[in-house]
1. Being outside the structural domain of THR164 (by TED's automatic domain parsing) and either more than 23 Å from PRO220 (Cβ to Cβ) or away from ligand 2 (no atom under 14 Å from the Cβ) (or both): is that true of GLY84 here?
2. Would the stretch 93-101 turn up any residue that is part of a helix (DSSP H, G or I), within 28 Å of the chain's Cα centre (by Cα) and farther than 30 Å from PRO29 by Cα?
3. Could you check the stretch 110-131 and list, in sequence order, the residues that are among the basic types (Lys, Arg) and within 17 Å of ALA88 (Cα to Cα)?
4. State all residues of the stretch 144-187 that are more than 16 Å from ligand 1 (Cβ to nearest atom) and polar (S, T, N, Q); if no residue qualifies, say none.
5. Looking at (1) touching an Asp or Glu at 6+ places or on another chain (Cβ under 9 Å); (2) free of Cβ contacts under 8 Å to residues at least 40 places away in the same chain, which one does ASP185 not meet, given that it meets all the others?
6. In the stretch 33-82, which residue that is of a type in the set (Ser, Thr, Tyr) and part of a loop (DSSP other than H, G, I, E, B) is farthest from ligand 1 (Cβ to nearest atom)?
7. Just name the residue that is farthest from the chain's Cα centre (by Cα) out of those in the stretch 12-64 that are within 16 Å of ligand 2 (Cβ to nearest atom), closer than 23 Å to ARG79 by Cα and of a type in the set (Val, Ile, Thr).
8. Given the condition over 15 Å from the mean Cα position of the chain (by Cα), assigned to a loop (DSSP other than H, G, I, E, B) and modelled with pLDDT of 95 or more, answer yes or no: does some residue in the stretch 217-230 qualify?
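The values are calculated or read from the model by the stated rules, or taken from the named source; none is laboratory data. Model, not experiment: these values are computed from the prediction. As a convention, Cβ positions derive from the backbone with ideal geometry for all residues, glycine included, and neighbour counts pool all protein chains shown. Accessible surface areas use protein heavy atoms only, side chains included; no ligands, DNA or RNA. Shrake-Rupley method; radii C 1.70, N 1.55, O 1.52, S 1.80 Å.
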Amino acid sequence: MSDPIVLAEGLHKRFGATRALRGLDLAVPAGTVCGVLGPNGAGKTTAVRVLATLTGPDAGRARVAGFDVVRDADRVRARIGLAGQHAAVDGRLTGRENLRMFGRLHHLTRRAARARADELLERFGLAAAADRLAGGYSGGMRRRLDLVASLILRPDVLFLDEPTTGLDPRGRTGIWDAVRALAADGTTVLLTTQYLEEADRLADQIAVVDHGRVIATGSPDALKARIGDHLDVVVADPAQAAATAAALATLPGARPAVEAGPGRFSVPVAAGAVRLAEAVRALDRAGVDAADVALRRPTLDEVFLSLTGRPAENTAPDAAPAAAR
Ligand SMILES: Nc1ncnc2c1ncn2[C@@H]1O[C@H](COP(=O)(O)OP(=O)(O)OP(=O)(O)O)[C@@H](O)[C@H]1O
Ligand SMILES: [Mg+2]
């Protein structure tokens, strides 16, 4: 594997009493997409801000595109792009004008800025809307325009902080397509997200962040295999709870069923080990009348529960009870 183009070692960052980063380590190979997955307050934005040289770490170090983010911040800045949770697009300008303006702000000649704007609008599916005021764009298009603006200087590394939070499925798909196109061009992308599905679809490697630290890393498949699937069962008669739990316990790799409500069960099972038909048969044999049986991927909450033994509650790093760590 090539040297990591993003390398963070033991990053610490404190805001008053809040320890936003507590020894964060991260290594992203060049040309890959890294998904930094974590709940509210995990430290994702802080990590991105340190890597993008917007704020300095209190301890630890980081290199991006071969340069130290503190000592060589200017060199790092010249090689990265950043698009945040809140789009920095000017609604009073058209999409094309926005991109030209970004180009000029980044010291491109007028001509180069025009050419680059046209190229990016075409490449990222914004050409048809290019001459409309950005203020009239949908949330998804605005975010896409913001992302595209961060590509004006052809960055080696693009940081995207929750690029799809708050978008509808269509807007989200538009961003995903853009990230895939970038990855295909060889741009390294580091994106933060609260959605397992998003990390799953886009990332080569996922880093799960909690309380300012990376608590698990791996390919989506490796992480899923660790966490497993979930089998959700709804039984018609809640009195059959015990029989249901017993039947589900016979499935390969099954952990004890969690009763999610009267007659509703959720069972963690080894990824790919259980087929739906098997589950239905096991329930049938036990004489359980199942109203619904579904096999699904874990939610982020379940990933957290599995990795940390506690739910992914939205708390500040220091607000969680010590006993829960
Ligand atoms: N400038 C700041 N001043 C004070 N506290 C801050 C500041 N920036 C972040 N924090 C705190 O640091 C912790 C980590 O915040 P951060 O924004 O990095 O989390 P996040 O993972 O990006 O969360 P979200 O998913 O909500 O965006 C939080 O407790 C947050 O309140
Ligand atoms: Mg954030």
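1. Values: outside the structural domain of THR164 (by TED's automatic domain parsing): yes; either more than 23 Å from PRO220 (Cβ to Cβ) or away from ligand 2 (no atom under 14 Å from the Cβ) (or both): yes.
Yes; evaluated as a whole, the condition is true for this residue.
2. Taking the stretch 93-101 first, the residues part of a helix (DSSP H, G or I) are 95-101.
Applying the additional criterion that residues be within 28 Å of the chain's Cα centre (by Cα) yields 95, 98-99.
Among the residues that remain, those that are also farther than 30 Å from PRO29 by Cα are: 95, 98.
For the stretch 93-101, residues part of a helix (DSSP H, G or I), within 28 Å of the chain's Cα centre (by Cα) and farther than 30 Å from PRO29 by Cα: present.
3. First pass over the stretch 110-131, keeping only residues among the basic types (Lys, Arg): 110-111, 114, 116, 123.
Those that are among the basic types (Lys, Arg) and within 17 Å of ALA88 (Cα to Cα): none in the stretch 110-131.
4. Scanning the stretch 144-187 gives SER150, THR173, THR187.
5. Status for ASP185: all satisfied but (1).
6. Ranking the qualifying residues of the stretch 33-82, first place goes to THR53.
7. THR55
8. no
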